[in-house]
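J.: Sharing a structure with you now.
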Protein chains: 2
Amino acid sequence: MEPIAGGPAQLVLTASIARRYYVDGRSKVEIADEFRLSRFKVARLLDQARSSGLVRIEISHPGNVDLDLSARLQEAFGLRRAIVVDTPEDEPAALRLQLGKAAAELLTEIVTADDVLGLAWARAVTAMTDQLTSLARVPVVQLTGALSRPDVEANSVELVRHTARLSGGPAYLFYAPLVVPDATTARALRQQPEVAEAIGHFDAVTKAVVGLGSWDAGQSTLYDAMDTDACEQLRKRGVVADISGVFVDAKGAPVQSKVTERVIAINAEQMNAIDEVIAIPYGLGKVEAVRAAVRSGLVNGIVTHSPLARALLDEVP
Amino acid sequence: MEPIAGGPAQLVLTASIARRYYVDGRSKVEIADEFRLSRFKVARLLDQARSSGLVRIEISHPGNVDLDLSARLQEAFGLRRAIVVDTPEDEPAALRLQLGKAAAELLTEIVTADDVLGLAWARAVTAMTDQLTSLARVPVVQLTGALSRPDVEANSVELVRHTARLSGGPAYLFYAPLVVPDATTARALRQQPEVAEAIGHFDAVTKAVVGLGSWDAGQSTLYDAMDTDACEQLRKRGVVADISGVFVDAKGAPVQSKVTERVIAINAEQMNAIDEVIAIPYGLGKVEAVRAAVRSGLVNGIVTHSPLARALLDEVP
DNA sequence: CACAGCTCCGCTCATATGAGCAGACAGGTT
DNA sequence: AACCTGTCTGCTCATATGAGCGGAGCTGTG
């Protein structure tokens, strides 16, 4: 990367050749011909030009998606999809808007008529569906119960219904909370016709968008909605992230517990069977949660913002 | 140049491929293999990436030589050499120092033991020789008489002697002014043994560094040293530049005149026979002079600074 | 002077690549 | 349905390219 060439004339020659090759797109043979050099010499000068840093290649584009970072994130974690939005915004609501837009575009692009779409409840997912403008005609399946929080008006049901309407496909939705006080109630709820029908479609889902929370106060809607005992119990079991009701530890292994039975949502096995599972995490507090979710293999698509992406890649400066 | 790709996933894919290709240097076949695409698809995505501006290729390097500009200048004017120094400096003396350094490096690089070096008198040439630290063993021939100006202590003779000493080769130098009041005196001077000997070596010169002035007050040392009548006469004949005593018009044609006979210097024909003739112009006032000098074919190497280079290329912004 | 060690050059030959073509498909139009 | 029309795909085949080799020239050293 360092050994820079000899004299200035040499450098200018190299620069000329580099431009002919990279900018004008001429072949090395043509260049060799023009400069009265052997094509080998030209090739060597070009190698030198690149290795010495004389020719710099940048990947960027006008939009607010950092393609280079996206590609690197995708590769580094073996993801099917990664979209990194480069925005100075750090106010959560505005950020969600941006990420929602990007995720909506992604969904529009990757969902085809052969898919079955699963949607979990999460603010970020709502942000996405709010920005959705077109979608192939697919069935839309509700993957989790809803948590109604005072600060969020939309609920899981609206989210699914809205998307299905936009798509033109059938909706499989139900009215139930994400978490209930005991396993018995949960079992009873799962017996309900609408719930049972939706659950029955889980196996058919090919693409899903889920919520992703870090198992800490304020970092997971589910955590905040659950009783302290349950939260603590899960933490002791090593849970660092919840993926729309599926708990995973730092190694990415799903954690089974009594609490799991109280959750009305897709389970780890079912989620694992889905071809593409996309999450939309943001905020530096979710670094470990994202790592865990990705390690688990349950989540293989990420839409996020550049600070979190950089943190994930350990490029913290 | 404009049609950017479709969806964000597509973009990220393209970015990934672009990085594999341009940054990691993988072959398209390998990439196609890795991404489960045909090599044609990969090639098309890469074409698209380049034409849409997603991949940007820059040519630059740490030094203060603007290689890209140099290469473009060289090509645009069909020059053998072009070195453009990118410096914020615009104070003439400091600028001369920078250009002198660049020119000295160039000379060191391109002069080989087979060459015969010719040096004209000019402040810029002195600036170069002052920065010269090593040179192949070559004869050094004085190409012009000296103009002694009160503000410049070095004269043509010192310049040649110093260079020859550094090189280790013989010096052919003489003591005579560049311009004398009448042709008779000039003829007499040319008969002098040292002068005649130097002139006798003009035909052997293979590389030369000359001065280049715009035919205006303050833009040419020769102009300033000459009587007003002669200056005016030459201007009427269309002279726009003097190349160390050779006058050329805007078309680059050498202008013969009575004044020419009063100059003790290499003539147009002899200069034309020299393989490489390098000038070191600076200052935006010399744009037309440089054009004329280059058009004449007498000067085929330029060492200059970026503002003048840009002006020459009509990139004035 | 001979020689090892070095760099630089251009060759061969297997491989990568581009130009241009024809089939497959989608969406609209008669 | 039949028919354009444009887009996208992967093919063939000629050409461009890279890896590795041996020879030429240069330099310092015994």
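J.: Each label point is 7 Å from the Cα along the Cα-to-Cβ direction; what then is the distance between the points at A:T112 and A:E91, in nm?
T.: Reported label-point gap for A:T112 and A:E91 is 4.1 nm.
J.: Taking only C-alpha pairs under 8 Å that are 6+ residues apart, what is the relative contact order of the stretch B:20-153 in percent?
T.: The value is 15 percent.
J.: Say we join alpha carbon atoms closer than 10 Å with springs in a Gaussian network model of chain B; which of B:V209, B:V12, B:V160 then has the biggest fluctuation?
T.: B:V12
J.: With charges only on Cβ, +1 for K and R and -1 for D and E, what is the dipole size of chain B about its Cα centre, in debye, rounded to 20?
T.: Once rounded to the nearest 20, the dipole reads 960 debye.
J.: For a Förster distance of 22 Å, can you work out the FRET efficiency between the beta-carbons of A:A253 and A:E232, rounded to the nearest 0.05?
T.: 0.70
J.: Grab the DSSP H runs of chain B that are 4 residues or longer, score each as -39,500 (n - 2.57), total them, divide by all residues and round the 222 nm result to the nearest 500 deg cm²/dmol.
T.: -12500 deg cm²/dmol
J.: Just to be sure I understand: with springs between alpha-carbon atoms less than 10 Å apart, which residue in B:Q142, B:Q233, B:Q219 has the highest mean-square fluctuation in the Gaussian network model of chain B?
T.: Highest fluctuation among the options: B:Q233.
J.: Per residue of A:70-83, what is the mean number of Cβ atoms on other protein chains within 10 angstrom of that residue's Cβ?
T.: Across A:70-83, the average partner-chain Cβ count within 10 Å equals 3.
J.: Check B:T87: other-chain or 5+ apart residues with amide H under 5 Å from its amide H, H built from backbone geometry?
T.: B:S306
J.: Is there a simple number for the mean count of other chain Cβ atoms within 10 Å of the Cβ of residues in A:16-23, and what is it?
T.: Across the residues of A:16-23, the mean count of other-chain Cβ atoms within 10 Å is 5.
J.: Using 0.36 nm times the number of residues separating B:A188 and B:L166, minus their current alpha carbon distance, what extension gain do you get?
T.: 4.8 nm
J.: Here's another thing I want to ask about it. Work out the mean other chain Cβ neighbour count within 10 Å for the residues of B:46-59 and drop it here as an integer.
T.: Neighbouring Cβ atoms belonging to other protein chains average 4 per residue here.
J.: Using a ≥ b ≥ c from the Cα gyration tensor of the protein assembly as shown (square roots of the eigenvalues), is it rounded, prolate or oblate, where a/c under 1.5 gives rounded and otherwise the larger of a/b and b/c decides, a/b for prolate?
T.: prolate
J.: Also, quick follow-up: What residue among B:P62, B:P177, B:P281 shows peak mean-square fluctuation when chain B is described by a Gaussian network model with Cα springs under 10 Å?
T.: Answer for the Gaussian network model of chain B: B:P62.
J.: If the reach is capped at under 16 angstrom between alpha carbons, list the aspartates and glutamates near A:K41, excluding any in the same chain fewer than eight residues apart.
T.: Candidates past the 8-residue exclusion: A:E30, A:D33.
J.: Using a Förster distance of 51 Å, how high is the FRET efficiency between A:E75 and B:D130, based on the Cβ-Cβ distance and rounded to 0.05?
T.: For R0 = 51 Å, the calculated efficiency reads 0.45.
J.: Please give the peptides A:78-87, B:189-198 ranked by average Cβ packing (other Cβ atoms within 10 Å per residue), highest first, as a rough proxy for protection.
T.: Ranked from most to least packed, the peptides come out as A:78-87, B:189-198.
J.: Same structure again: With Cβ to Cβ distances under 14 Å as the rule, what net charge do the other residues near A:D68 carry (K, R +1; D, E -1)?
T.: So the environment of A:D68 carries a net charge of 0.
J.: Okay, next question. In the structure shown, do any of B:K101/B:K251; B:K236/B:K286; A:K28/B:K101 have a Cα-Cα gap over 23 Å, and if so which?
T.: From the list (B:K101/B:K251; B:K236/B:K286; A:K28/B:K101), the Cα-Cα distance tops 23 Å for B:K101/B:K251; A:K28/B:K101.
J.: To one decimal in nm, how far is A:Q192 from the same spot in the other copies, if labels go 7 Å from Cα toward Cβ? Please give the shortest first.
T.: 11.3
J.: Along the charge dipole of the protein assembly as shown, pointing to its positive end and built from +1/-1 on Cβ of Lys, Arg, Asp and Glu, which listed residue (A:G168, B:V180, A:V259) has its Cα farthest out?
T.: Comparing the listed Cα positions along the dipole, A:G168 ranks first.
J.: Moving on. Quick one: with label points 7 Å out along Cα→Cβ, list the inter-copy distances for B:S51 in nm, shortest first?
T.: Taking the point 7 Å beyond Cα along Cα→Cβ, the inter-copy spacings are 3.3 nm.
J.: Once you charge only the Cβ atoms, +1 for Lys and Arg and -1 for Asp and Glu, what is the size of the charge dipole of the protein assembly as shown about its Cα centre, to the nearest 20 debye?
T.: 1260
J.: Turning to a different aspect of this structure: What are the trypsin sites (Lys or Arg not before Pro) within the stretch B:211-317 that DSSP puts in a loop, where the Cβ has at most 16 other Cβ atoms within 10 Å?
T.: B:R237, B:K251
J.: So how far apart, in nm, are the two label points at A:Y175 and B:A225 if each is 7 Å from Cα heading toward Cβ?
T.: With each label placed 7 Å out from Cα toward Cβ, I get 10.2 nm.
J.: Taking amide hydrogens as modeled 1.01 Å from N in the peptide plane, which residues meet the under 5 Å criterion relative to A:A241, leaving out close sequence neighbours?
T.: Hits under the 5 Å cutoff: A:W215, A:V248.
J.: Additional query: Can you run phi through the Karplus equation (6.51, -1.76, 1.60; θ = phi - 60°) for the stretch A:89-103 and list ³J(HN,Hα) in whole Hz, with x for Gly and Pro?
T.: Taking θ as phi minus 60°, the curve returns 5, 10, 7, x, 5, 5, 5, 4, 4, 5, 5, x, 4, 4, 5 Hz for the stretch A:89-103.
J.: I've got another one for you. Tell me, for the rotation carrying B onto A, which chain B residue has the beta-carbon closest to the axis and what that distance is in whole Å.
T.: B:I57, 3
Only the coordinates and a few stated rules stand behind these numbers; no lab work does. Since the model is a prediction, treat every value here as computed from it, not as a measurement. Every residue, glycine as well, gets a Cβ built from its backbone with ideal geometry; the counts of neighbours run over all protein chains shown.
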